[in-house]
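Heads up, the thing below is written out as structure tokens.
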Amino acid sequence: MSIAIGITAILAILSLAVIFGTDMSVAVVQRAVYAELDDRTMVRIVGRGHYYGDRRFPVIGIGGTIATAATVALAFLGVSPWAGVLAATGLVLLLVWLLLFARIAKPINAVLTAAAASGETPANARALQDRWESIIPLRATLLGLAIALLCATLFLV
């Protein structure tokens, strides 16, 4: 059972690390870059990024979520309830991240993706981007903590 828990935890960590790295890259580098761009250029770049991200990241995110849930189930079914508690806490943090994404980021992604595809620049483009970026530190923190909890889970199995 310990091997199965380890495998699912590692798969979850690897999947979530991809998204965590992306959020950290936005927080540390891309926000500053976007602030220097005119609105039209920013919409084209950000909109195209969301176009590809929203098509490619769901597989990674869904895989990470499933692997995290599997880690929780296996840990509670196995011999390590403390590992189950850590993994379950990580899963809750991941679900909060998903809620933030679905309620705030995803609708903005859709607007900026459509604007980039049509070559238009919404009058509120900068406000949309600012709102999207406003949750990046929280998103990165949530994923970082979830990953750390999954890593801690590995020590208990």
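Computed quantities for the displayed model
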item	result
Of residues in the stretch 111-144 being among the aliphatic types (A, V, I, L, M) and within 22 Å of Met24 (Cβ to Cβ), the one surrounded by the fewest Cβ atoms within 10 Å (Cβ to Cβ)	Leu138
Among the residues listed as Ile45, Ile5, the single one being farther than 18 Å from Pro107 by Cα and either among the hydroxyl-bearing types (Ser, Thr, Tyr) or in a helix (DSSP H, G or I) (or both)	Ile5
Residues of the stretch 109-144 classified as β-branched (Val, Ile, Thr), assigned to a helix (DSSP H, G or I) and in contact (Cβ under 8 Å) with a residue 24 or more places away in the chain, total	2
Verdict on Ala35 being surrounded by fewer than 18 Cβ atoms within 10 Å (Cβ to Cβ), more than 17 Å from the chain's Cα centre (by Cα) and more than 30 Å from Pro122 (Cα to Cα)	no
First in the stretch 47-72 and at negative phi, second anywhere and of a type in the set (Lys, Arg), Cβ under 8 Å, 6 or more apart	Asp54/Lys106
Single condition Arg40 does not satisfy, out of (1) under 12 Å from the mean Cα position of the chain (by Cα); (2) over 24 Å from Ile10 (Cβ atoms)	(1)
Test: residue in the stretch 54-71 that is surrounded by 14 or more Cβ atoms within 10 Å (Cβ to Cβ) and within 24 Å of Ala123 (Cα to Cα)	yes
Test: Ile147 is of a type outside the set (Gly, Ala, Ser), surrounded by fewer than 16 Cβ atoms within 10 Å (Cβ to Cβ) and part of a helix (DSSP H, G or I)	no
Condition check for Leu99: touching a helix residue (DSSP H, G or I) at 6+ places or on another chain (Cβ under 8 Å), of a type in the set (A, V, I, L, M) and either at pLDDT 95 or above or part of a helix (DSSP H, G or I) (or both)	no
Set Ser15, Ser2: member being surrounded by 15 or more Cβ atoms within 10 Å (Cβ to Cβ) and either at pLDDT below 95 or in contact with a Ser or Thr (Cβ under 6 Å, 6 or more places away or on another chain) (or both)	Ser2
Filter result for Ile13 (under 24 Å from Arg126 (Cα atoms), touching a helix residue (DSSP H, G or I) at 6+ places or on another chain (Cβ under 9 Å) and touching a residue at least 60 places away in the same chain (Cβ under 8 Å))	no
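The values are calculated or read from the model by the stated rules, or taken from the named source; none is laboratory data. Just so it is clear, the structure is predicted and the values come from calculations on it, not from any experiment. Glycine gets a Cβ as well: all are built from the backbone with ideal geometry, and neighbour counts include every protein chain shown.
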